[in-house]
Amino acid sequence: MSVFPFASSAAARRERPLPIRPRRPLGEIVLHVPQTLRALVRADEIWLVALAALVGCGAGLLVVGMNLATWEMHHWMFLLYGHERLSGMAKLDRGRTLLVPSIGGLALGLAGIVVARFWPRRAVDPIEANALYGGRMSLNDSVIVMLQTIFSNGVGASVGLEAGYSQIGAALGSRLGRSFRVRRNDLRLLVGCGAAGAIGAAFNAPLTGAFYAFELVIGTYSLMTLAPVVVASISAIAVDRWLLGDPGGLELILPSTIPPFDYIPVLTLGMVCALFGIAIMRAVTLTEDIFRQSGVPAWLRPAIGGLAVGAMALVTPQVLSSGHAALHLGINAPYSLPFLALLVMLKAAASAISIGSGFRGGLFFASLFLGAMLGKLFAAVLAALTVKTLLPGVVCAVVGMSGLATAIVGGPLTMAFLALESTGSLPLTIAVLAASVISALTVRRTFGYSFATWRFHLRGEAIRSAVDVGWMRNLTVGRMMRREVRTVRIDTPLANFRRDFPLGSEQRVVIVDQSGRYAGIIPVAEAHAVDGDATKLADILHYSNQMLLPQMSVKDAISTFEHAESDALAVVDGYETRRVIGLLTEQYALRRYSEELDRRRRDLSGE
């Protein structure tokens, strides 16, 4: 024994290895601001609006950076000069037109292998974040999405930057919101503010950005959310104009009024846009399935898709990139009917192939360009079939632009405000709103999804909007069940069962077999009502194959209750082991569901 006991213990402590703290993923590290600032944002709505303005400014800066990056890539890779824009060119170098998208696709595919190796997580979409995760998004994941979108657009793939805009803007709002430790609803609101600022800056349209957030990212509109979202959108546009100047709207010659009779072709065009939008969304999925079933490695698919897009660009460069310049050029251009039909088919195919082969981006601006050309095509067909021209081609172009974007992206009010802020014509905006509503209704009745929610559906996520349903998944059977459950073996004599459970003591008893596995439920009243003691418990068992799992959501539990036609079910640890761990009644599940719904309603209304 040591004379100095403390020395031995000190030596042991020195020899004992220090505990290794697990490293947190980089995306989970959040630097919190001082507590005083956090308290101000949580306590005063004005400071939340100020934080929304900061989010909007950041989103505006990111949009400017993305635009400049893609413009530089276009100029360098396709040998453009001055103010030339890729999709607005009459012709390009044929070799570069064919090779740049293909080689760029190969580079993107190889980079995807590296990303999958060192950063295998899937980025959360702003709609998905607000619907399921209370607004929590990873900024690092979103930066990867942003870079992939910039590169895809930069090499000429027929994808838009708007998905990258909203992704990085919303992620910035989520990161700042978590830094200030805002409440769940406020975090969802800041995600919407980031998306509003990004889309507002992208189109130089504050109302468009604001209602994009309300309809698509936040999922609802209220007076409490109006000020932060609008301020974020205006702030982003101010930054964009300060750095790049005012780009102006569409320069169109529009009629002062639209006669009531002309609304018939307007509504018809809205339905045509809806059906064409559904076809495009289906085409993207079909293209992905073809690539998947072909056996081509995932890293090689963008190269093949880029080669196909480059081949179509040899016909017309308007199929390349998102199509901003092509829209400004083509909306007034006197295209012939055959060329319009060819352009619509080539652009739709290029967009479907680009996304289906693995390029990163969205269909927002592609739907605007396609809708405008589809509207001009519709007007040309009307002019060929009728003696009197019902609608000018430019009116049909704007109506088609908004109608197809509504079908693919969603948000009829968003597209109506985009038409208003782009043209400044109120009569045309009314016609656009009518067509957008018809388009939205047609898609909802015949297809049921926008492009974003359709992608969620293909992944198995039942999300139809950004309305907060994450709480529903958090309200699980395991959190609601009663754990103190008394069970009885199935070989217990009926007389003993009656003795142990007299009338009024319990409503129901859970029965297990000889190995302790769940066997069913017996109502105590029924056990006392049967004649004679010779009846076995197995003869009066109910719900032997109906049970709940602890990870089930309250929605799944209520559906199981309805299917089983039972007012209570046992909770087991798994369908294989069937070990009873609790009991849940339908009445309690419905009560908790109603309480949470009422709580969300109060949060939304500001009570």
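Axis of helix 426-446 versus longest Cα principal axis of the chain: the two differ by about 40°, to the nearest ten degrees.
Between residue 499 and residue 525, the simple spin-label model (points 7 angstrom out along Cα→Cβ) gives 2.6 nm. Packing-based ranking of 403-409, 48-54, 445-451 yields 403-409, 48-54, 445-451, ordered from highest to lowest mean Cβ neighbour count within 10 Å. Under 1.5 on a/c is rounded, so check that first for the range 212-316, then, if it is not, pick prolate when a/b is larger than b/c and oblate when it is not; a ≥ b ≥ c are the square roots of the alpha carbon gyration tensor eigenvalues. Prolate, because a/c is 1.5 or more and a/b exceeds b/c. Neighbour counts of C-beta atoms inside 10 Å place 83, 457 in the sequence 83, 457, starting with the fewest. Fully extending the segment from residue 441 to residue 224 would add 75.3 nm, taking 0.36 nm per residue of separation and subtracting the current Cα-Cα distance.
I'd like to compare 558-564, 437-443: which one has the highest average count of other Cβ atoms within 10 Å, and what's the full order after that? Working shown, then result.
Working: 558-564: 14.9, 437-443: 21.9.
By packing density, highest mean first, the sequence is 437-443, 558-564.
Under 15 Å between alpha carbons, and skipping anything fewer than 8 positions from residue 536 in its own chain: which aspartates and glutamates qualify? Partners found: 491, 513, 526. Taking a straight Cα-Cα cut-off under 19 Å and skipping sequence neighbours fewer than 8 places away in the same chain, the aspartates and glutamates within cross-link reach of residue 347 are 162, 288.
With r as the distance between the Cβ atoms of residue 545 and residue 489 and R0 = 25 Å, compute the FRET efficiency 1/(1 + (r/R0)^6) and round to 0.05.
Details: r = 19 Å, r/R0 = 0.76.
Computed FRET efficiency for residue 489 and residue 545: 0.85.
Remark: the chain carries a charge dipole of roughly 1460 debye about the Cα centre, counting +1 on each Lys and Arg Cβ and -1 on each Asp and Glu Cβ. If a spin label sat at a point 7 angstrom from the Cα of residue 588 along the line to its beta carbon, the backbone N atoms of the range 510-527 nearer than 20 Å would be those of 510-512, 518-525.
Quick one: length gained pulling residue 91 to residue 556 fully straight, 0.36 nm per residue minus the C-alpha distance? Numbers along the way, then the final one.
On the way: separation 465, 0.36 × 465 = 167.40 nm, distance 5.68 nm.
Here the segment from residue 91 to residue 556 would lengthen by 161.7 nm.
Note on residue 91: aspartates and glutamates with a C-alpha under 20 Å away, same-chain residues under 8 apart excluded, are 72. Describe numerically, in nm with one decimal, the distance between label points set 7 Å from Cα along Cα→Cβ at residue 333 and at residue 38. It is 5.5 nm. Taking every alpha-carbon pair under 8 Å whose residues sit at least 6 apart, the chain reaches a relative contact order of 15 percent. Overall, the anisotropy analysis places the range 390-450 in the prolate class: the square-rooted eigenvalues a ≥ b ≥ c of its C-alpha gyration tensor yield a/c not less than 1.5, with a/b exceeding b/c. Rounded to the nearest 10 degrees, what's the angle between the helix 223-244 long axis and the longest principal axis of the chain, both from Cα atoms, 0 to 90? Tilt of helix 223-244: around 40 degrees. Compared with the dominant principal axis of the Cα atoms in the chain, helix 184-203 is inclined by about 10°. Given +1 at the Cβ of Lys and Arg, -1 at the Cβ of Asp and Glu and no other charges, the dipole of the range 26-244 around its Cα centre is 400 debye to the nearest 20. Computed from the C-beta positions of residue 567 and residue 184, the FRET efficiency with R₀ = 22 Å rounds to 0.10. Could you let me know the centre-to-centre spacing of the range 473-503 and the range 129-196, using Cα atoms, in angstrom? A separation of 48 Å, based on Cα centres. Taken along the Cα-to-beta-carbon direction at a fixed 7 Å, the label points for residue 300 and residue 246 span 5.4 nm. Sorting 420-433, 105-118 by average packing, meaning the other beta carbons within 10 Å per residue, from highest down gives 420-433, 105-118. Farthest towards the positive end of the charge dipole of the chain, among the residues 103, 173, 198, is the Cα of 103, using unit charges on the Cβ of Lys, Arg, Asp and Glu.
What's the FRET efficiency of residue 482 with residue 515 using the Cβ-Cβ distance as r and R₀ = 25 Å, to the nearest 0.05?
Working: r = 23 Å, r/R0 = 0.94.
Here the calculated transfer efficiency is 0.60.
Mean 1/r over all different Cα pairs, inverted: what Kirkwood radius does the range 79-231 give, in Å?
On the way: mean 1/r = 0.0593 Å⁻¹.
Evaluated on the range 79-231, it is 16.9 Å.
Read the figures in this text as sums done on the coordinates, not as results from a lab. Model, not experiment: these values are computed from the prediction. As a convention, Cβ positions derive from the backbone with ideal geometry for all residues, glycine included, and neighbour counts pool all protein chains shown.
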